[in-house]
Structure formats: structure tokens, C-alpha cells
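Novice: Would you mind keeping the following structure in view while I ask a few things?
Bear in mind these aren't lab numbers, they're just calculated from the coordinates by the rules spelled out. Note that the structure is predicted; figures quoted are calculated from it, not measured. Positions of Cβ are backbone-derived with ideal geometry, glycine not excepted, and every protein chain shown enters the neighbour counts.
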Amino acid sequence: MGLGSIYWAEVIQVLREIIPVYDKVNSVISLGKDAEHRNRGISNRVHPGNRILDAGSGFGNMSKTALRLTDGKIFITLYDPLVSMLKSTGTYFEKTPDMASGVFEHIPFRDKEFDAVLCGYSLRDAINLQMAISEIHRVLKEGGRFVIVDLGKPDEGFIRTGVAFYLRCILPILAFLAGGKLGLKFGMLYGTFKRWPQNKRIEELLLEKFSRVEFEKDLMGGAIMVAAYK
């Protein structure tokens, strides 16, 4: 499960191209709920003094949410495959956080180094989902939390079809209105959605490694906020 190396390379190239409109379009295509979902996912799961890995960080929106919820009393490392994305984060933080570049499947940190790993709209882009989950589990301390905020793939066929229709037909229109021609490239989200497991299967995969999983849904299961505890 995952994108596989060939499709992953295509997705990464698209992400590199849409950097100028990334945040603006994401807010629109999430129907304005992206910030709410980050808040719901992170609240009470990141605590002052924690060391945080923001994996697939993009501009660091998950980290910014965590900083606000803890009055800035956490230590952040942004981790993303796109160096160009990391370089664009400078104006987003009062103090530039630590940064590293790489993929989920080979995280260059020691075992049990972080109190929490945050993945905001990024785990879906893993090359190999099971390897990604295993690596995240490895770098978490005992009792650590793995927080996921992402698209959901509803288990109910009728609802899943509706979400797929939105991603394939409605989202490109909204993305174009928000981001012009670059916005059209957000159509690749449908391809990642097709390869993304259904919500119940994601929970099962997490329980193969983690002791407990809290699974919240919104937009009829089309958005998920998940916390897995080591």
C-alpha cells in the first residue's frame, strides 16, 4: 500500500510546482475546515516541552498549530522530501525551526527520539505506507503520539463514491478558482485518494504497531483526525 516510487515521483513534482498557491488552495478545497481539523487532531496530544517531528511538513502548518496550542513551548523539526518547500518556511515562524529532508520510509533520526510525530495531509503520499508507519513508530518514545490529519476514504460505498466525485469533478473547479492554472494541478489528489486505504484499513494498519488508536471523522468520513499511541 502506498503510491509506489513511480507515482510518488510524479506527485512530488506536482507539489514542487504548486508551492506558490499551496496554502490558499488547500484552504478552499477543504471547504475551509483544514485549520479546524488540525486543531482537533493536535489538541491534548502535544504538550509543553515535547519534541515534535512534523513529517511531510510542507510549510509547517501542523507545527504552527501545535506551537499555538502550547504557547510555543515545544521543540520542532520540520521534515519534508522537498527542500524547496522547507526553504519557503522562513517567513512562517518567528524562530526558524530545525529542518531535515527525506522520505517517510527512511527517517534519519534515532529510535525513540520524539514525543509526537505529526502528519498533516502528507501520510497519504507515502511510497510504502506500512514502512512509513513502522519508521514513525520507531522514532517515537514510549507513550508517544502519532497524529494524522488527512483525507478520509469512507468505508461505506455510497459515501465513498460521493467523496471520489468531489475530488475528481468539484475540487478541480474550486482549485482553479483559487489558484488559477496551478490550481488545476491539485487534481492529482484524486490519484492519491484512489491508492489510499479505506478508513477502517488505516486503523487496522496502525493497530499492527501501536497499542491504541483514536479515530475521528468529519465530512461524512471524507476527513480524518487520528491519534495512535505507542
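Novice: Using a simple spin-label model with points 7 Å from Cα along the Cα→Cβ vector, what separation in nm is obtained for Phe75 and Arg138?
Specialist: A separation of 2.1 nm, rounded to one decimal place.
Novice: Assuming a strict under-18 Å limit between Cα atoms, what lysine pair count do you get for region 61-114 once near-sequence pairs (fewer than 8 apart, same chain) are dropped? Write out the running numbers ahead of the final one.
Specialist: Values: Lys64/Lys73; Lys64/Lys87; Lys64/Lys95; Lys73/Lys95; Lys87/Lys95.
Eligible lysine pairs with Cα atoms under 18 Å apart amount to 5.
Novice: Which one, Cys119, Ile107, Val11, is farthest towards the positive end of the dipole of region 1-142 when Lys and Arg carry +1 and Asp and Glu -1 on their Cβ?
Specialist: Cys119
Novice: Next question. When we measure straight from the Cα of Lys217, which aspartates and glutamates land under 17 angstrom away, once same-chain ones fewer than 8 places off are left out?
Specialist: Output for Lys217: Asp34, Glu36, Asp150, Asp155, Glu156, Glu203, Glu204.
Novice: On alpha carbon coordinates alone, what is the Rg over Rh value for region 1-123, Rh being the Kirkwood radius? Walk me through the numbers before you get to the answer.
Specialist: Values: Rg = 14.2 Å, Rh = 15.1 Å.
Here the Rg-to-Rh quotient is 0.95.
Novice: So for region 24-87, averaging the separation of alpha carbon pairs under 8 Å that are six or more residues apart and normalising by length, what relative contact order in percent results? Intermediate values should be presented prior to the final figure.
Specialist: Working: 70 pairs, mean separation 20.3, N = 64.
Value for region 24-87: 32 percent.
Novice: Follow-up question, since we're still on this one. Taking the chain as a Gaussian network, where each spring joins two C-alpha atoms under 10 Å apart, which residue of Phe114, Phe104, Phe165 fluctuates the most?
Specialist: Among Phe114, Phe104, Phe165, the largest GNM mean-square fluctuation belongs to Phe165.
Novice: Right, here's the next one. Let me have the 222 nm mean residue ellipticity of the chain computed from DSSP H runs of 4+ only, each contributing -39500 (n - 2.57), with the sum over all residues rounded to the nearest 500.
Specialist: Working: 10 runs with 95 residues, N = 230.
Theoretical 222 nm ellipticity from helices: -12000 deg cm²/dmol.
Novice: When the expected Rg is taken as 2.2 N^0.38 Å, what fraction or multiple of it is the alpha-carbon Rg of region 95-230? List each step's numbers first, then the result.
Specialist: Working: Rg = 16.1 Å, N = 136, 2.2 N^0.38 = 14.2 Å.
Against the compact-globule rule of thumb, the ratio is 1.13.
Novice: Find the Rg to Rh ratio for the chain, where Rh is the Kirkwood radius over alpha-carbon pairs and Rg uses the same atoms.
Specialist: Values: Rg = 16.4 Å, Rh = 17.5 Å.
Using only Cα positions, Rg/Rh for the chain is 0.93.
Novice: Taking the Cα centre of the chain as origin, work out the dipole magnitude from +1 charges on Lys and Arg Cβ and -1 charges on Asp and Glu Cβ, in debye rounded to 20.
Specialist: Approximately 160 debye in magnitude.
Novice: Could you give the length gained by full extension between Glu10 and Asn39, i.e. 0.36 nm per residue of separation minus their alpha carbon distance, to one decimal place? All intermediate terms of the calculation are to be shown ahead of the outcome.
Specialist: On the way: separation 29, 0.36 × 29 = 10.44 nm, distance 3.01 nm.
Value of the extension gain: 7.4 nm.
Novice: Also: If the reach is capped at under 14 angstrom between alpha carbons, list the aspartates and glutamates near Lys209, excluding any in the same chain fewer than eight residues apart.
Specialist: Here the aspartates and glutamates satisfying the reach criterion relative to Lys209 are Glu135, Glu142.
Novice: Follow-up question, since we're still on this one. What do you get for Rg/Rh over region 34-93 if you use C-alpha atoms and the Kirkwood form of Rh? If you can, show how the numbers build up before the last one.
Specialist: Values: Rg = 11.1 Å, Rh = 11.7 Å.
Reported Rg/Rh (Cα atoms, Kirkwood Rh): 0.95.
Novice: Taking every Cα atom in region 92-168, find the radius of gyration and the maximum pairwise distance Dmax, and write them in Å.
Specialist: Rg, Dmax (Cα atoms, Å): 15.6, 46.
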